[in-house]
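Trainee: Submitted below is the structure of interest, expressed as structure tokens.
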Amino acid sequence: MLFKDHYNKLFSTENSDSILDRKEVEEKYKWNLSSIYKNDDDWEKDFKWVSENIVKYKNFEGTLSKSPAQLLECLKFDNEVGIKIERLYLYAMLSKDSDMKVQKYQAMDDRIKGLYTKASAAAAFVKPELLQIPEDKLLDMICSDDEIRVYEHFIKNLIREKAHTLSKEQEKILALAGEIVSTPYNIFSIFNNADIRFPKTNDEKGKEIEISHARYYAAMYSKDREYRKRFFKNYFTPFINYVNTYATLFNGNLKANIFNSKARNYHSSLEASLDSNNIPVSVYKNLVKTCNENLQPLHRWAALKKKILGVDELHPYDVYVSLFPSDFGDKFEYEKGKEIVFNALKPLGDEYLSSIKTAFENRWIDVYETRNKRSGAYSSGTTFGVHPYVLLNWSNLLNDVFTLAHEMGHNMHSFYTGKNQPYPYANYTIFLAEVASTFNESLLLDYLIEDANKKEEKLFLIEKYLNNITTTFYRQIMFAEFEMWAYEQVESGTALTAEILSRNYKAIYQKYWGPEMIVDEEEEHTWARIPHFYYNFYVYQYATGYAASEVLSKKVKNEGKTAVEKYLNFLKSGSSDYSINILKAAGVDMNSSEPVEATTQKMDMLLNELEKLTGNI
């Protein structure tokens, strides 16, 4: 039977339970794990080697200050263990995710996680012992010859963090407090995902359904406005009923992070959070400030939504529904999707395209949904000495094409990092991670809009681009502003009641969406349901990554070869320097207003095109 027949069966409405077994999928659509280990036996050999050799860490304890040669030997051994553990983990993870019912691979995944914990404990002395060496002596040791000099940035970063590294006894106390300070998030997660009960409501056809987190987002895309409104109001019922509980958990999380920042002698929780990647506080504050100065495109978009929907009032439950529904997004088989992504990325030149082609043709990607395969999509990240892998669950939708472009952005970032950096720097920060992925999505959207022949297709794609900017840029900065405000209030001694939290969230939401938006009481309580507010200044990185990618993609398209070379160097840099410096070398200064303004200007341009195509409604 041809694969196409299998695939058609997979998505047949008459055989909705007929998901393919893995053996039914052609090999070229499944990842080839032999690049990691030829077989499970080879995996076991490396596992045994690490298990037997981690005791050798004891040979280095107390000796690191003796000589550069002794220090280098320890660092090289640590690298060797780390490289093997990462390879072991990658093989076990991908094997498990291919078929999550295979107990052998579940066990291998558990075993390598346990081994990683043992190795980390054995190596835990290295950083504290390095910090006990006088700074001048340590730098002299690192600069004594070329082989050990490769660790210079690693050591300098370690020294930079020394001011906030406490004594051994104090560090132990903070470690013991770790489980306590994580309690607010743990309770929130259990309460929000397991214990709260949503009411039932009627769907578009009058059938009674149970409300859930996942169904909320689906409902907000419904064309039935009364259903959206009904679902919206019922969804927020438990958040309103338990608002004081949510406020207590929210405050508990703030105070836990404030405790840690004060214990480590930081001026604020914001500074403590950003310092791990050496991101200046000015980057965060500049992002919020510049966004506030450029809210007009979002206000424009709100007014246009209201006009196209033909409603007297625009409410939060009107934000996600498609203005230009189309079947354009329902006809993309994988081979066609690959071709589109490849063509969209042509501005990046032959080197990048050659790497993409290698990935496409050498089974780096596991494409189709199969029985017991892990859901969703991801790129495996950098594993030193092994190319990265991508998991997909292709379903012939335009979203799958964007997922492929997005994950290949991560994939190429990891590939070039691993290929060009020594092991200590063969990774990259979260601050940089979303730049490469959203960069590819930006090129893809521009390509599709330019290539669209029909007006309906252009409108559909422009709306998608505008919604991307709204959700990944403006919405995340709105969250970032609210989070910064909340920490500042508690750090200055203000008690944040549920009423104060709701009132201020409403004010910020109103400011971002502008005068056309009617902020319902339910939306005021959104702060209570966002898990990212428990991640300690995390969300701003979605917006900085998006904004940086807009600047870089524009430079690549407008400036050509020079900008392409800088961008490829960015992909190759890993963590060999601080994130801000790596981006600056690529051509974007996150301390400036340029990235934010580039994004808002792009939104204005897209709105102009939308109004032109619709005859200004």
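Trainee: Look through segment 294-324, keep the residues that are small (Gly, Ala, Ser) and in contact with an Asp or Glu (Cβ under 8 Å, 6 or more places away or on another chain), and return whichever of them is farthest from Tyr216 (Cα to Cα).
Mentor: Here is the first cut: in segment 294-324, the ones small (Gly, Ala, Ser) are 302-303, 310, 322.
Keeping just the survivors that are in contact with an Asp or Glu (Cβ under 8 Å, 6 or more places away or on another chain) gives 302-303, 322.
On the way: Ala302: 21, Ala303: 24, Ser322: 16 Å.
Here the answer is Ala303.
Trainee: What are the residues in segment 495-545 that are among the hydroxyl-bearing types (Ser, Thr, Tyr) and over 18 Å from Leu274 (Cα atoms), if any?
Mentor: Going through segment 495-545, the residues among the hydroxyl-bearing types (Ser, Thr, Tyr) turn out to be 497, 502, 505, 509, 512, 526, 534-535, 538, 540, 542, 544.
Residues satisfying the conditions are Thr497, Ser502, Tyr505, Tyr509, Tyr512, Thr526.
Trainee: Something else about it: Do we have Lys373 as touching a Ser or Thr at 6+ places or on another chain (Cβ under 7 Å) and basic (Lys, Arg) here? Steps first, please.
Mentor: Working: touching a Ser or Thr at 6+ places or on another chain (Cβ under 7 Å): yes; basic (Lys, Arg): yes.
Yes, satisfied.
Trainee: Here's another thing I want to ask about it. Only one residue in Asp366, Asp400, Asp446 is in a helix (DSSP H, G or I) and more than 21 Å from Val564 (Cα to Cα). Which one? Before the answer, list the steps.
Mentor: Values: Asp366 fails: in a helix (DSSP H, G or I); Asp446 fails: more than 21 Å from Val564 (Cα to Cα).
None of the others qualify; the one that does is Asp400.
Trainee: Scanning for something under 30 Å from Phe384 (Cβ atoms) and either of a type in the set (S, T, N, Q) or crowded, with 16+ Cβ neighbours inside 10 Å (or both), does segment 588-600 turn up at least one residue? Give the derivation first.
Mentor: The initial filter retains those residues of segment 588-600 that are under 30 Å from Phe384 (Cβ atoms), namely 588, 590.
Those left that are additionally either of a type in the set (S, T, N, Q) or crowded, with 16+ Cβ neighbours inside 10 Å (or both): 588, 590.
Looking through segment 588-600, at least one residue is under 30 Å from Phe384 (Cβ atoms) and either of a type in the set (S, T, N, Q) or crowded, with 16+ Cβ neighbours inside 10 Å (or both).
Trainee: Take the residues in segment 355-395 that are of a type in the set (S, T, N, Q) and surrounded by fewer than 19 Cβ atoms within 10 Å (Cβ to Cβ), then tell me which one is nearest to Arg87 (Cα to Cα).
Mentor: Residue satisfying both the conditions and the ranking: Asn362.
Trainee: Does Ile340 fit the bill of being in a helix (DSSP H, G or I), within 25 Å of the chain's Cα centre (by Cα) and either touching a residue at least 24 places away in the same chain (Cβ under 8 Å) or not assigned by TED's automatic domain parsing to the domain that holds Met100 (or both)?
Mentor: yes
Trainee: I'm told Ala495 meets every condition in (1) closer than 21 Å to Lys602 by Cα; (2) in a loop (DSSP other than H, G, I, E, B) except one. Can you identify the failing condition by its number?
Mentor: (1)
Trainee: Pairs please, first residue from segment 572-592 and among the polar types (S, T, N, Q), second anywhere and buried (at least 21 other Cβ atoms within 10 Å of the Cβ) and in a loop (DSSP other than H, G, I, E, B), Cβ atoms under 6 Å, 6+ apart in sequence or on different chains.
Mentor: Ser575/Tyr428
Trainee: A further question on this structure: So which of Tyr217, Tyr246 is outside any strand (DSSP E or B), modelled with pLDDT under 90 and among the aromatic types (Phe, Trp, Tyr)? Show your work before the answer.
Mentor: Numbers: Tyr246 fails: modelled with pLDDT under 90.
Only one candidate qualifies: Tyr217.
Trainee: Do you know which residues across segment 568-587 are at negative phi and in contact with a Lys or Arg (Cβ under 8 Å, 6 or more places away or on another chain)? I'd like the intermediate steps shown before the answer.
Mentor: First pass over segment 568-587, keeping only residues at negative phi: 568-573, 575-586.
Lys572, Ala585, Ala586, listed by residue number.
Trainee: A follow-up question, please. What's the total number of residues in segment 181-219 that are under 23 Å from Phe250 (Cβ atoms), in contact with a helix residue (DSSP H, G or I) (Cβ under 8 Å, 6 or more places away or on another chain) and among the hydrophobic types (A, V, I, L, M, F, W, C)?
Mentor: The qualifying residues number 7.
Trainee: Scan segment 423-439 and tell me whether some residue there is under 23 Å from Ser380 (Cα atoms), charged (D, E, K, R), touching a strand residue (DSSP E or B) at 6+ places or on another chain (Cβ under 7 Å) and in contact (Cβ under 8 Å) with a residue 60 or more places away in the chain. I'd like the intermediate steps shown before the answer.
Mentor: Taking segment 423-439 first, the residues under 23 Å from Ser380 (Cα atoms) are 423-439.
From what's left, charged (D, E, K, R): 434.
Restricting the remaining residues to those that are touching a strand residue (DSSP E or B) at 6+ places or on another chain (Cβ under 7 Å) gives none.
No; the residues of segment 423-439 include none that is under 23 Å from Ser380 (Cα atoms), charged (D, E, K, R), touching a strand residue (DSSP E or B) at 6+ places or on another chain (Cβ under 7 Å) and in contact (Cβ under 8 Å) with a residue 60 or more places away in the chain.
Trainee: State which residue is farthest from Leu115 (Cα to Cα) when the search covers only segment 67-86 and only residues that are assigned to a helix (DSSP H, G or I) and of a type in the set (Gly, Ala, Ser). Give the derivation first.
Mentor: Going residue by residue through segment 67-86, those that are assigned to a helix (DSSP H, G or I) are 68-86.
Pick out the ones that are also of a type in the set (Gly, Ala, Ser) and you get 69, 82.
Numbers: Ala69: 28, Gly82: 11 Å.
Among them, the one singled out is Ala69.
Trainee: Determine if segment 185-208 includes at least one residue that is surrounded by fewer than 17 Cβ atoms within 10 Å (Cβ to Cβ), basic (Lys, Arg) and assigned to a helix (DSSP H, G or I).
Mentor: No.
Trainee: While we're looking at this one, here's another question. Being of a type in the set (A, V, I, L, M, F, W, C) and not in a helix (DSSP H, G or I) is the filter here; which residues of segment 299-325 pass it? Step through it out loud before you land on a result.
Mentor: Kept after step one, since they are of a type in the set (A, V, I, L, M, F, W, C), are these residues of segment 299-325: 301-304, 308-309, 311, 314, 319, 321, 323-324.
Correct list: Val311, Leu314, Val319, Val321, Leu323, Phe324.
Trainee: Going residue by residue through segment 335-351, is there one that turns out to be among the aromatic types (Phe, Trp, Tyr) and buried (at least 19 other Cβ atoms within 10 Å of the Cβ)?
Mentor: Residues of segment 335-351 among the aromatic types (Phe, Trp, Tyr): 342.
Subset that is buried (at least 19 other Cβ atoms within 10 Å of the Cβ): none.
Scanning segment 335-351, I find no residue that is among the aromatic types (Phe, Trp, Tyr) and buried (at least 19 other Cβ atoms within 10 Å of the Cβ), so the answer is no.
Trainee: Starting from segment 442-459, take each residue that is more than 24 Å from Met408 (Cβ to Cβ) and in contact (Cβ under 8 Å) with a residue 60 or more places away in the chain and list its partners that are of a type in the set (Lys, Arg) and surrounded by fewer than 18 Cβ atoms within 10 Å (Cβ to Cβ), counting only C-beta distances under 6 angstrom and pairs at least six apart or across chains.
Mentor: Note: no pairs meet the criteria.
Trainee: Another question, then. Are there helices (runs of 4 or more DSSP H) fully within segment 87-170 with at least 3 residues that are among the polar types (S, T, N, Q)? List them. Break it down stepwise before answering.
Mentor: Numbers: elements: 103-122, 126-132, 135-142, 146-149, 152-160.
Here the list reads 103-122.
The values are calculated or read from the model by the stated rules, or taken from the named source; none is laboratory data. Only a predicted model underlies this, so the values are computations on that prediction, with no experimental measurement involved. Neighbour counts are summed over all protein chains in view; Cβ atoms, including those assigned to glycine, are modelled from backbone coordinates with ideal geometry.
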